[in-house]
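Colleague: Supplied in structure tokens, the structure appears directly below.
The values are calculated or read from the model by the stated rules, or taken from the named source; none is laboratory data. Given the structure is predicted, the values throughout are model-derived calculations rather than measurements. Cβ coordinates were reconstructed from backbone atoms using ideal geometry, including for glycine residues, and neighbour counts include every protein chain displayed. Heads up: the accessible areas ignore ligands, DNA and RNA and are worked out on the full protein's heavy atoms, side chains in. Shrake-Rupley method; radii C 1.70, N 1.55, O 1.52, S 1.80 Å.
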Amino acid sequence: FARFLQRKLFPKLNERRIIIMDNCRIHKEKTALNVLQHAHHTPLFLPAYTPHFNVAEWVFGCVKWQVKKHKVQKHTLAGVIRRSLLRSVTAAKVAGWLREVKRNFLQALEGQTLGR
């Protein structure tokens, strides 16, 4: 992970950044933290798993609903997922999900509880 940061991520950043990371063990290893510190970037660890910052969770929700609705068999699963993504995940929905993530993130920074 430290090599990924040094070789792939940091060359794309032209100034100091806050790097948002989840609580994966490799993100907290000493080598990764040292690399971040040496490059003058600040790690910001998300609280233990939270779907409030994860647009993918909403995408999965759309797909999961379609899969359950159609009682999909293993051999037809890929096709149902593809069709579900094309029908259910619209640009308007994604824009709304991104707004929601931003709102949740700002609330979290202010110490507010997330969720409805």
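Colleague: Would you check the accessible area of His52, probe 1.4 Å, heavy atoms only, in square angstrom rounded to 10?
Modeller: Looks like 50 Å² after rounding.
Colleague: I've got another one for you. How large, in percent, is the carbon and sulfur part of the accessible surface of the chain at a probe radius of 1.4 Å?
Modeller: Ligands and nucleic acids excluded, carbon and sulfur reach 58 percent.
Colleague: Would you mind getting the accessible area per residue of region 1-45, heavy atoms of the protein chains only, 1.4 Å probe, in Å²?
Modeller: That works out to 80 Å² for each residue.
Colleague: Report the calculated FRET efficiency for Ala108 and Trp65 (r = Cβ-Cβ distance, R0 = 35 Å), to the nearest 0.05.
Modeller: According to the calculation, E is roughly 0.85.
Colleague: Just to be sure I understand, if you calculate Rg/Rh (Cα atoms, Kirkwood Rh) for this structure, which of (1) 1.35; (2) 1.13; (3) 1.08 do you get?
Modeller: Checking each listed value against the structure points to (3).
Colleague: For Phe45, what residues show an amide H to amide H distance below 5 Å, using hydrogens built from the backbone and excluding near sequence neighbours?
Modeller: Met21
Colleague: Related question: Which of the lysines could a cross-linker span from Lys68 if the Cα-Cα distance has to be under 26 Å and same-chain partners fewer than 8 positions apart are dropped?
Modeller: In chain and number order, the partners are Lys93.
Colleague: About the Cα centre, and with charges only on the beta carbon of Lys, Arg (+1) and Asp, Glu (-1), how big is the dipole of region 51-110? Nearest 20 debye, please.
Modeller: Once rounded to the nearest 20, the dipole reads 440 debye.
Colleague: Per 0.36 nm of contour for each residue apart, how much would the distance between Val55 and Asn14 grow if the chain were fully extended, relative to their Cα-Cα spacing?
Modeller: Additional length available on full extension: 12.1 nm.
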